[in-house]
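See structure below.
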Amino acid sequence: MRRTLPLVVFAAIWAAPALAWQTPGKGSADRTGMMDALRPLAAWNLGAPVEFVVNDLRVAGAAGFASVSPQRPGGQPIDLRATPMVQRDGADPAYMDGATMQALMQREGTTWVAVHWQIGATDAWWDQPRFCAAWAGVLPEIC
């Protein structure tokens, strides 16, 4: 029993950095880049102008996860019934959790790209083993 304790402690310390993610601070290049990647997707689907309230933002290496609440400038809520995704694309606001937006992202050089994303999801669509290969570092509670 005594011999395994140091090994267990070493394994836990060694594995921890691999699973650690950080939240990019306001004004940081990562935070700005991630929001810039989400903005055209939100504007196309929700109509412009759009700003974000950040609920959760995670970066581990070149992987990222974002959960944001889009709104109009000044904090005005978005009327989903008046958005392009409803009027143009036929989305039904009754089956949406507001204008919330989540994305699994990758950094390519200095540019962030939203690889998988949803607006108004009513479940945790990112809670799937297929995402673990690329995003385990930002989804440790899932992977």
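Any read-out appearing in this document is the output of simple, stated calculations on the displayed coordinates, not a laboratory observation. Predicted model, so just to flag it, every value in this text is computed and none were measured. Because the Cβ atoms are built from the backbone with ideal geometry, glycine has one as well, and the counts that use them run over all protein chains shown.
For the reader, a short list of remarks on this structure follows.
- Enumeration of residues in the stretch 29-59 that are closer than 20 Å to GLY137 by Cα and among the acidic types (Asp, Glu): ASP30, ASP56
- All strands (runs of 3 or more DSSP E) inside the stretch 39-143 with 1 or more residues being among the acidic types (Asp, Glu): 51-60, 101-108
- Identity of the residue in the stretch 92-108, within 14 Å of GLY120 (Cβ to Cβ) and polar (S, T, N, Q), that ends up nearest to the chain's Cα centre (by Cα): GLN102
- Some residue of the stretch 77-91 being surrounded by fewer than 16 Cβ atoms within 10 Å (Cβ to Cβ) and either closer than 22 Å to CYS143 by Cβ or within 13 Å of the chain's Cα centre (by Cα) (or both): no
- Identity of the residue in the stretch 34-51, hydrophobic (A, V, I, L, M, F, W, C) and without any contact (Cβ under 8 Å) to a residue 40 or more places away in the chain, that ends up farthest from GLU108 (Cα to Cα): ALA48
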